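Provided herewith is a single structure, encoded as structure tokens, for subsequent inquiry.
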Amino acid sequence: MAGRVCGIDKSEQFVAEAQRRATAAGLAVELRPGDAQALPYPDHGFDIVRAERVLVYLSDPAKALAEMRRVAKPGGRIAIIEPDFGTNAINVRDRALTRAVLDHECDANIPQGWLVRDLGAMLRDQGFTDTEVATRVVVFTPELAAG
């Protein structure tokens with residue numbers, strides 16, 4: 001099966017690290033800095049378009065959804081993986097402190113911390129059909145949460 005894999009990130013440092021890891025793994029991946037709200041690709045160029053932990057950090061996630069739709073081929077697939085920061089759980093004893101930290105993170109540092117709750121409607125507003133929004137509970141261990 002032939003194909004190509006392309007990726008962008010707004011951070012040049014993240015792109016460099018991803019390229020280093022891809023090269024070390026022997027993967028041929030085209031990576032470059034870019035903006036999810038203005039994808040640097042032609043119309044209808046991809047069979048599959050995927051975004052993971054991107055939309056929650058954008059001021060205008062609908063703009064990124066429109067771009068994903070633009071670069072996907074007709075009949076192509078789009079996969080979006082986004083956390084719901086309002087339902088994250090950290091497995092530590094001080095529940096009040098944990099809830100306060102998570103609420104602060106969701107309200108002050110993540111522009112779209114509750115995006116997944118509106119994602120189905122956003123997709124329909126952008127003209128997507130045959131959509132499914134599923135959720136998973138994310139539980140952070142104390143070690144992972146501290147890292």
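The values are calculated or read from the model by the stated rules, or taken from the named source; none is laboratory data. Keep in mind it's a predicted model, so treat the numbers as computed, not measured. Counting neighbours? That spans all protein chains shown, and the Cβs are built from the backbone with ideal geometry, glycine included.
For the stretch 11-34, how many residues are in contact (Cβ under 8 Å) with a residue 24 or more places away in the chain and within 21 Å of the chain's Cα centre (by Cα)?
Summing the residues that are in contact (Cβ under 8 Å) with a residue 24 or more places away in the chain and within 21 Å of the chain's Cα centre (by Cα) in the stretch 11-34 gives 6.
Rundown of residues vs (1) touching a Cys at 6+ places or on another chain (Cβ under 7 Å); (2) among the β-branched types (Val, Ile, Thr); (3) under 27 Å from Ala66 (Cβ atoms); (4) surrounded by fewer than 18 Cβ atoms within 10 Å (Cβ to Cβ), yes/no style:
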residue	(1), (2), (3), (4)
Gly76	no, no, yes, yes
Phe85	yes, no, yes, no
Asp107	no, no, yes, yes
Gly113	yes, no, yes, no
Leu123	no, no, yes, no
Gly127	no, no, yes, yes
Thr131	no, yes, yes, yes
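Here is a list: Ala38, Ala62. Which entry is surrounded by fewer than 12 Cβ atoms within 10 Å (Cβ to Cβ), at negative phi, among the small types (Gly, Ala, Ser) and at pLDDT 95 or above?
The conditions single out Ala38.
What pairs come out if I take residues in the stretch 123-136 that are touching a residue at least 60 places away in the same chain (Cβ under 8 Å) and pair them with residues that are assigned to a helix (DSSP H, G or I) whose C-beta lies under 6 Å away, six or more apart or interchain?
Gln126/Leu65; Gln126/Ala66; Gln126/Arg69
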